[in-house]
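Here's the structure we're looking at; comments come further down.
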Amino acid sequence: MAEKQEQRVEPPKLYQVVMLNDDYTPMEFVVLVLQEHFLHDIDTATQIMLKIHHEGRGICGVYSKDVAATKVELVQAAAKRAGHPLQCTLEAA
Ligand code: TYC
């Protein structure tokens with residue numbers, strides 16, 4: 001019988017999607033983005049939006065690198081389409 005080989009698999013690195021405050025994007029739009037792209041319920045989405053509004057930035061969610069990068073792209077595209085300057089970025093968690 002072959003000797004059992006020890007396998008070490010590193011856990012995947014996680015990335016947080018961070019949303020930034022600005023003076024122009026409507027609060028309702030940010031709450032919708034948090035619901036539609038990050039699957040928060042309306043109360044949580046509202047709390048996160050208000051935290052960003054008051055503190056300048058906030059975490060929308062934590063994902064693998066590919067998923068986080070795709071979310072950033074989709075949110076930027078939705079904001080651009082709607083004519084809002086909303087920005088979000090990806091950071092190692
Ligand atoms: N500061 C914006 C306003 O007063 C609302 C806002 C919240 C914008 C969060 C962006 O990521 C943001 N309309």
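FYI, it's all coordinate maths here, none of it is from the lab. Computed from a prediction, not measured in an experiment: that's the story for all the values here. Here Cβ is always computed from backbone atoms with ideal geometry, including for glycine, and neighbour counts include all displayed protein chains.
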Treat the count of other C-beta atoms within 10 Å as a stand-in for reagent exposure and order I52, I42, I59 from fewest to most.
I42, I59, I52
Output for region 1-62: trypsin sites (Lys or Arg not before Pro) sitting in coil per DSSP, at most 10 other Cβ within 10 Å, listed by number, reads K4, R8, K13
Taking region 24-92, how much of its Cα-Cα pair set, in percent, is spaced more than 16 angstrom apart?
43 percent
Can you list residues whose amide H is under 5 Å from L90's amide H, if they're 5+ apart or on another chain and H is modeled 1.01 Å from N?
V18
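Summing -39500 (n - 2.57) over the DSSP H runs of n ≥ 4 in the chain and dividing by its residue number, what mean residue ellipticity at 222 nm do you reach, to the nearest 500 deg cm²/dmol? Let's see the in-between values first.
Values: 3 runs with 42 residues, N = 93.
Per the formula, -14500 deg cm²/dmol.
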Under the 7 Å Cα-to-Cβ spin-label approximation, A93 and L20 lie apart by a distance in nanometres of 2.3 nm
Spelling it out for L14: with amide H atoms placed in the peptide plane at 1.01 Å from N, the residues 5 or more places away or on another chain with amide H under 5 Å from its amide H are A93
With R₀ set to 22 angstrom, the calculated FRET efficiency between the beta-carbons of E36 and R81, to the nearest 0.05, is 0.95
